[in-house]
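Okay, structure first, notes after.
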Amino acid sequence: MYVPGKLHDVEHVLIDVGTGYYVEKTAEDAKDFFKRKIDFLTKQMEKIQPALQEKHAMKQAVMEMMSQKIQQLTALGAAQATVKA
């Protein structure tokens, strides 16, 4: 969310460090903090990317198997209905 505003003290800013805690830092320290945070999050995303791709492939395999089973059940049900008629 973007909220426009004006800073009276441009040398110090409040940073949300998580779980409701805020830290006052200089603008330069805040830039360094966010650069480190971006680097950390980028590395975490790169680390989980292979696992995510594997999970996606597993999901596709399960969906295909379910589709085959549904087709088999549908065909079996139609065959049984034909035999009873």
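Please treat every number below as a calculation from the coordinates, not as lab data. Please read these numbers as outputs of a predicted model, since none were measured by experiment. Here the Cβ positions follow ideal geometry from the backbone for every residue, glycine too, while neighbour counts run over all protein chains shown.
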Helix 27-84 vs. the chain, principal-axis angle (Cα, 0 to 90°, nearest 10): 10 degrees
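For the stretch 1-59, run through the trypsin sites (Lys or Arg not before Pro) and keep only the ones in DSSP coil with at most 11 other Cβ atoms within 10 Å of their Cβ. The partial results should precede the final answer.
Details: sites: LYS6, LYS25, LYS31, LYS35, ARG36, LYS37, LYS43, LYS47, LYS55, LYS59; in loops: LYS6.
Here the trypsin sites (Lys or Arg not before Pro) that fit, given the DSSP loop and packing criteria, are LYS6.
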Round to the nearest 0.05 the FRET efficiency obtained for LEU41 and GLN68 when R0 = 25 Å and r is the Cβ-Cβ distance. 0.05
Counting other beta carbons within 10 Å of each residue's own, what order do VAL10, VAL23 fall into, fewest first? VAL10, VAL23
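What number do you get for the chain when its Cα radius of gyration is normalised by 2.2 N^0.38 Å, N = residues?
On the way: Rg = 27.7 Å, N = 85, 2.2 N^0.38 = 11.9 Å.
So the chain has a normalised radius of gyration of 2.33.
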Fewest-first sequence of VAL3, VAL83 by Cβ atoms within 10 Å of each Cβ: VAL3, VAL83
